[in-house]
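The values are calculated or read from the model by the stated rules, or taken from the named source; none is laboratory data. On a predicted model such as this, the values are computed, not experimentally measured, just so you know. Here the Cβ is made from the backbone with ideal geometry for all residues, glycine too, and neighbour counts use every protein chain on show. Heads up: the accessible areas ignore ligands, DNA and RNA and are worked out on the full protein's heavy atoms, side chains in. Shrake-Rupley method; radii C 1.70, N 1.55, O 1.52, S 1.80 Å.
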Amino acid sequence: MSDQDSAPAPAAKKLFIKTYGCQMNVYDSQRMAEAMGAEGYVLTENQADADMVLLNTCHIREKAAEKLYSDLGRLKPLKAERPDLKIGVAGCVAQAEGGEIQRRMPIVDLVVGPQAYHRLPAMVRAGRGVDTEFPAEDKFEHLPKPAATRRAPAAFLTVQEGCDKFCAFCVVPYTRGAEVSRPVARILAEARDLVGRGVREITLLGQNVNGWHGEGPGGVEWGFGRLIRSIAEIDGLDRIRYTTSHPNDMSGDLIAAHRDEPKLMPYLHLPVQSGSDRILKAMNRRHTVAQYLRLIERIREARPDIMLTSDFIVGFPGETDRDHQDTLDLVRAVNFGTAFSFKYSPRPGTPAYERPEVEGTLADARLQELQALLSSQQKAAQQDMVGRELGVLFEKPGRHPGQMVGKSDYLHAVFVEAPQAKVGDLVRVRITHSAPNSLAGVLAA
């Protein structure tokens with residue numbers, strides 16, 4: 001035996017990833033981990049042991065850049081102790097800040113935007129660099145195929161990226177670029193691969209996911225409803241979800257898919273942002289309150305048991321008390337199962353950035369009033385589940401022996417005493433109790 005044959009294999013390098021923000025970033029972090037896996041890196045949950053730390057950032061929430069620089073500041077001592085440690089910044093803040101990140105924080109070796117992370121391995125080999133280009137090639141085609149290991153029973157699958165809507169408050173068109181839809185064949189191949197590794201629920205992702213219009217067989221363009229029907233034909237897949245949607249792209253065919261396709265879960269996140277036509281126009285949302293309410297009627301006609309959720313921005317520049325009351329009126333008219341609500345925060349580079357802001361304490365008061373109303377609706381919606389039988393997909397063990405936790409058809413977290421159950425089981429559960437942000441139940445007879 002030669003010395004080369006007897007030499008121990010080199011130790012795997014360790015990669016720590018911190019993911020900020022949305023489901024798109026969760027998916028992107030998984031793909032970056034797979035890309036780096038092909039370079040010999042394995043994931044670690046211990047930042048102090050990592051050979052590379054990657055911060056995958058989000059620019060949607062308030063003070064996103066400040067949070068990044070705060071986290072980088074905490075990494076300075078680790079970099080000082082271990083100069084060979086590689087530190088990378090990815091995602092939307094990386095796209096927005098670019099080389100400024102390295103100028104402010106020289107400890108950062110790599111800055112890579114969300115459309116260029118397939119080139120991350122080459123950047124790591126080069127040692128240092130910035131890549132925030134919007135490449136013409138399909139990054140998904142340049143990423144390695146995921147290792148054939150069993151995943152969690154629920155998974156994300158990106159089908160669309162970017163946005164052409166240019167809402168006045170939003171940075172996505174500038175950080176993620178124009179809308180791009182992945183071809184049908186590549187989406188179906190990834191979906192089949194996921195199902196082949198134990199995935200039973202797929203959530204289709206996109207910044208404007210229902211605006212997807214990809215190339216199908218023979219070069220024919222498909223719409224999103226047709227894509228969902230095709231994915232639903234995959235044997236072994238039990239559930240389909242999608243997020244996030246724009247009201248203007250809820251086509252008749254997509255609404256019909258909610259009516260006709262049992263694998264499409266009765267849950268729809270449909271952001272409206274405001275209940276005031278005046279503010280919607282200032283936001284460049286390109287729909288009115290009446291159009292949104294009519295759309296809700298059509299969706300509920302197609303799927304009466306559907307749970308609707310939404311997003312709201314309070315205190316957008318120019319918002320008056322009357323505009324705020326209009327938003328409360330819309331919330332009462334729709335009766336959401338839950339919703340996300342935020343106080344407006346300006347984003348540099350967006351059309352609304354220079355507009356005068358609503359006074360802070362007034363915006364805070366409006367937000368509290370809106371959130372109180374939304375919380376009451378969420379509580380009522382969850383209480384309405386008590387006594388019902390729901391499908392629940394178990395995703396992990398609970399904190400107590402014999403307890404399992406899963407997601408209901410309506411995306412509620414559900415806790416169930418089920419000692420014989422295992423992760424990946426899809427069972428019927430009778431709901432017995434509603435907690436502030438979850439449900440509890442027992443296995444149905």
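Overview of values
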item	result
Criterion: in contact with a helix residue (DSSP H, G or I) (Cβ under 9 Å, 6 or more places away or on another chain) and either closer than 23 Å to T338 by Cβ or not hydrophobic (A, V, I, L, M, F, W, C) (or both) - qualifying residue of Q382, Q377	Q377
Where a residue in segment 69-90 is within 10 Å of V108 (Cα to Cα) and its partner, wherever it lies, is among the polar types (S, T, N, Q) and open to solvent by 20 Å² or more (accessible area, probe 1.4 Å), with Cβ under 9 Å and at least six apart	L75/Q47; V89/Q102
So Q403, is it in contact with a strand residue (DSSP E or B) (Cβ under 9 Å, 6 or more places away or on another chain) and under 30 Å from H324 (Cα atoms)	no
One residue from G349, G391 being modelled with pLDDT under 95, under 24 Å from the mean Cα position of the chain (by Cα) and either within 21 Å of D305 (Cα to Cα) or not charged (D, E, K, R) (or both)	G349
Cβ pairs under 9 Å, 6+ apart, first in segment 352-378 and closer than 16 Å to F316 by Cβ, second assigned to a helix (DSSP H, G or I) and open to solvent by 60 Å² or more (accessible area, probe 1.4 Å)	L362/D321; R366/D321
Residue identified as loosely packed, with under 15 Cβ neighbours inside 10 Å and farther than 27 Å from Q383 by Cα among K281, K343	K281
Answer residue from segment 413-437, given it is open to solvent by less than 20 Å² (accessible area, probe 1.4 Å) and without any contact (Cβ under 8 Å) to a residue 60 or more places away in the chain and is farthest from K263 (Cα to Cα) among those	A418
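So that you can scan it fast, the table gives a plain yes or no per residue for (1) more than 26 Å from F340 (Cα to Cα); (2) open to solvent by 10 Å² or more (accessible area, probe 1.4 Å); (3) in the same structural domain as E357 (by the TED database); (4) not hydroxyl-bearing (S, T, Y):
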residue: R186; (1), (2), (3), (4): yes, yes, yes, yes
residue: R192; (1), (2), (3), (4): yes, yes, yes, yes
residue: N248; (1), (2), (3), (4): no, yes, yes, yes
residue: K263; (1), (2), (3), (4): no, yes, yes, yes
residue: P266; (1), (2), (3), (4): no, no, yes, yes
